[in-house]
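Report on the following structure.
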Amino acid sequence: MGLGETLRNAMESLRKATVFDKAVIKEAVKEIQRALIAADVEVKLVLELSKKIEKEATREKLPSGLSRREHVIKAAYDSLVELLGGLGKKAPEKPKRILLVGLFGAGKTTSVAKLAKYYMKRGMKAGVIAADTYRPAAIEQLEQLSGKVKIPFFGIRGEKKAAKVIEKALREMRGFDVLIADSAGRNAFDKDLVKEIKEINKALKPDEKWLVIGADIGQLAKKQAEAFHKAVGVNGVIITRIDGSAKGGGALSACRVANCPVYFLGTGEKLDDLQLFDAQRYLSRIMGYGDLQALLEKAKEITAEEELSPEELLKGEFNLDVFYKQLRATRKMGPLTKVAEMLGLKMQLPKEMLEMTEEKLDSFKVIMDSMTKEEKLNPDVMSRSRIQRIAKGSGTSEKQVRELLKAYKQMDSVFRKFRKLDEKALQKKGGLDMQKLAQMFGRKKKKKFKIR
Ligand SMILES: Nc1nc2c(ncn2[C@@H]2O[C@H](COP(=O)(O)OP(=O)(O)O)[C@@H](O)[C@H]2O)c(=O)[nH]1
Ligand SMILES: [Mg+2]
């Protein structure tokens, strides 16, 4: 599974969870962690991101207009965008001289031609300079690539000094809007390479010095960006082969940390396979969402699950719908035992209810899907024939339907006791406080966790 797919799964589990609580968020965060680490994102960054999401998830006050679910999805999405490069600097629209640097095989020569085509398409007069004098075949490679799309090319066969080539090119290629120079790589970053780039740099005086790296180097991109930056003042990055590598996320986040803006992504071998980099667009593309807005819209669709506050639960109508939601919440948070204990009601709580299995809950859900609204809101109308109909409609047995109804009744009577206690407390004044009781009901003080 690629990065996009795993991240998407994590978002989907946030989006689709029936009960939206801490356990769901924790699980989703774990999934995001796994996805990022598999993409070679530095562990430290992954942990920072997880903390950020969890912090936002437990925030007391939410920005207006968002449910907690939407807020968490947005927070996760935004932190991912930030991790992969933020809404940082965009590639310059009208560069004058670009020098590409990088190690062997990074994709420099290919990218020189791609860039020339890119700027030509935008109405600029672009030319390329073959300043890789280290590898004899490099000149031919660039000539061939640029010849395909009639990009003006300059190179001197047999010339060993790259700076000489540049000087001559600058004299010959006047009147160009943008000149893009290739340079030689090495197997590793070394003095020899730095010396050569410095000479080219002096001759060309480029306004843009971009480092080309293959996505497959993952988080090593940080070291490389820093080294090249220190040596020759790199001010932008092109990440190539993002199409074939699972480590694109690692390379992108590493450049972010190194403070090197990623301007372009190489997405294939053809000259048109070059994309302006935008973290948000990149993320929405790999995750297969139109954009964040589309994702939030989808989250809204399933926000049908109403908010269930403990206050309402204790004060309000208790019915099968509330029962089902409470069962799920209880299972995840286990708070009912505590409240019951405090009220001396623990013994009266049916044990099976606290030990309800996921399968049983699922079967309850299926059964309730076959009930009418009236039956759910007012289970007293239940009759033999209705039970038969529900069992048939839900593909369960009458016994299972009765089991659900029995559990509901037990719970209902427990809640009646809660309410009575509270009324008495109110009469006494200063006795049991509904607010306090509610807070204890599965939520830590003040940290109210709405279930939407
Ligand atoms: N799939 C893919 N291949 C690429 C991309 N960019 C470059 N390549 C290939 O990577 C290899 C090395 O590219 P080259 O430009 O010669 O690298 P250089 O040594 O840095 O000049 C070539 O086979 C290119 O076709 C890319 O974005 N995607
Ligand atoms: Mg090359």
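Within 15 Å of ligand 1 (Cβ to nearest atom), over 21 Å from Val234 (Cα atoms) and crowded, with 18+ Cβ neighbours inside 10 Å: does that describe Ile98? Break it down stepwise before answering.
Details: within 15 Å of ligand 1 (Cβ to nearest atom): yes; over 21 Å from Val234 (Cα atoms): no; crowded, with 18+ Cβ neighbours inside 10 Å: yes.
The answer is no for Ile98.
Scanning region 119-134 for residues that are surrounded by fewer than 21 Cβ atoms within 10 Å (Cβ to Cβ), outside any helix (DSSP H, G or I) and touching a strand residue (DSSP E or B) at 6+ places or on another chain (Cβ under 6 Å) turns up just one, Met124.
In region 220-237 there is no residue that is within 12 Å of ligand 1 (Cβ to nearest atom), modelled with pLDDT of 95 or more and under 18 Å from Arg186 (Cα atoms).
The condition of being over 26 Å from Arg122 (Cβ atoms), surrounded by fewer than 22 Cβ atoms within 10 Å (Cβ to Cβ) and assigned by TED's automatic domain parsing to the domain that holds Lys161 holds for Lys191. Of the residues making up region 108-160, those that are near ligand 1 (Cβ under 10 Å from one of its atoms) and closer than 22 Å to Lys96 by Cα are Lys108, Thr109, Thr110, Ser111, Val112, Ala113, Lys114, Asp132, Leu142, Leu145. Restricting Ala137, Ala116 to residues that are assigned by TED's automatic domain parsing to the domain that holds Arg174 and surrounded by 18 or more Cβ atoms within 10 Å (Cβ to Cβ) narrows the list to Ala116. For the structure I just gave you, tell me whether Glu56 is of a type in the set (Asp, Glu), part of a helix (DSSP H, G or I) and touching a residue at least 60 places away in the same chain (Cβ under 8 Å). Against the criterion (of a type in the set (Asp, Glu), part of a helix (DSSP H, G or I) and touching a residue at least 60 places away in the same chain (Cβ under 8 Å)), Glu56 does not qualify. Which of the residues belonging to region 238-253 are of a type outside the set (D, E, K, R) and either closer than 20 Å to Phe104 by Cβ or within 13 Å of ligand 1 (Cβ to nearest atom) (or both)? Within region 238-253, Ile238, Ile239, Thr240, Ile242, Gly244, Ser245, Gly248, Ala251 meet the criteria. Restricting Lys205, Lys222, Lys247 to residues that are more than 16 Å from ligand 2 (Cβ to nearest atom), in contact (Cβ under 8 Å) with a residue 60 or more places away in the chain and on the phi > 0 side of the Ramachandran plot narrows the list to Lys205. Cβ separations smaller than 6 Å between residues 6+ apart or across chains give the following pairs from region 130-146 residues that are in contact (Cβ under 8 Å) with a residue 60 or more places away in the chain to residues that are within 10 Å of ligand 1 (Cβ to nearest atom) and in a helix (DSSP H, G or I): Leu145/Ala113. Of everything in region 173-197 that is at pLDDT 95 or above and charged (D, E, K, R), the residue that is nearest to ligand 2 (Cβ to nearest atom) is Asp182.
Strands (runs of 3 or more DSSP E) fully within region 161-267 that include at least 1 residues being among the aromatic types (Phe, Trp, Tyr): 208-214, 262-266.
Does region 149-157 contain any residue that is among the aromatic types (Phe, Trp, Tyr), crowded, with 17+ Cβ neighbours inside 10 Å and touching a helix residue (DSSP H, G or I) at 6+ places or on another chain (Cβ under 8 Å)? Before the answer, list the steps.
Restricting attention to region 149-157, the residues satisfying the condition of being among the aromatic types (Phe, Trp, Tyr) are 153-154.
Keeping just the survivors that are crowded, with 17+ Cβ neighbours inside 10 Å gives 153-154.
When the remaining residues are screened for being touching a helix residue (DSSP H, G or I) at 6+ places or on another chain (Cβ under 8 Å), the result is 153-154.
Yes: one or more hits.
Within region 102-118, the presence of at least one residue that is more than 16 Å from ligand 2 (Cβ to nearest atom) and either without any contact (Cβ under 8 Å) to a residue 40 or more places away in the chain or out of contact with any His (no Cβ under 8 Å at 6 or more places or on another chain) (or both) is confirmed. Within region 398-408, not a single residue is in a helix (DSSP H, G or I), closer than 26 Å to Val24 by Cα and modelled with pLDDT under 65.
The values are calculated or read from the model by the stated rules, or taken from the named source; none is laboratory data. Worth saying up front: this structure is predicted, and the values here are computed from it rather than measured. In this analysis, Cβ positions are derived from the backbone assuming ideal geometry, glycine residues included, and neighbour counts consider all displayed protein chains.
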